[in-house]
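One structure is given here, and the rest of the page talks about it.
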Amino acid sequence: MTVFDLFRLDGKVAIITGASSGLGVAFAQAMAEAGANIVLGARRIDRLDDTARLVEQAGHEALAVATDVRDPESCYSLVNAAIERFGQVDVLVNNAGVGTAVPATCERPDEFRQVIDVNLNGCYWMAQACGRAMRPGSSIVNISAVLGITTAGLPQAAYAASKAGLIGLTRDLASSGRAARASASTRLLPASSRRR
């Protein structure tokens, strides 16, 4: 047995939001290579189909579902599609995210709302929908950022606020593990560790 065998996901089903680009694609590939079937959620179905092909090339099943995490009904539809196709949800990776590079004094209300709606509220709705469907031992992984705990001197007030809120949400989910029927974690990765 190798250390990598400890991270196998054979027979598991993972939902990944923001799966149409960047880290979402990398998470989908890695989890498929570890043995999971993958449910992909994002707004652009054409790009999700590209990610689905990568999962299938790794020898596992993929289901692409157009999803807008800002809409609770869309989140529940994604989870319901996963249950209908695979009968279970074992892992949720809340990866969908947006940001603006606008100083707080100049940001429009709609810009602020969009960032909070995707980065914080979307994670809440997905965790709620999955938490109701998950079995004990399932996991929720929320992708936050270092800006949620410190500042980099960049004009990203909405992004920082959303990620700080996500860290708080994650702590609550983790502390109420039985109520949420899932463990939750936040990983803070330096930008240099991200796949480009």
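Miscellaneous remarks
- Angle between the chain longest axis and helix 122-133 axis [Cα atoms, degrees, rounded to 10]: 30
- Overall Cα dimensions of region 1-108, principal axis frame, Å, largest first: 55, 31, 22
- Region 1-63 - convex hull of the alpha-carbon atoms, volume per residue in Å³: 70
- Gained length - Ala101 relative to Ser21, 0.36 nm times residue gap less alpha-carbon distance: 26.8 nm
- Exposure proxy order (Cβ contacts within 10 Å, fewest to most) of Asp90, Asp49, Asp110: Asp110, Asp49, Asp90
- When only alpha carbons of region 10-188 are considered, Rg and Dmax amount to 15.8, 50 Å.
- The angle separating the long axis of helix 22-33 from the principal Cα axis of greatest extent in the chain is about 20 degrees.
- Span per principal axis, largest first, for the Cα atoms of region 36-77 (Å): 31, 19, 9
- Angle of helix 45-57 to the longest C-alpha principal axis of the chain, folded into 0 to 90 degrees and rounded to 10: 40°.
- With Rh defined as the Kirkwood radius, the inverse of the mean 1/r over Cα pairs, the Rg/Rh of region 101-180 is 1.05.
Only the coordinates and a few stated rules stand behind these numbers; no lab work does. The model shown is predicted, which means the values in this text are computed figures rather than measured ones. For neighbour counting, all protein chains shown are included, and Cβ atoms are generated from backbone atoms with ideal geometry for every residue, glycine included.
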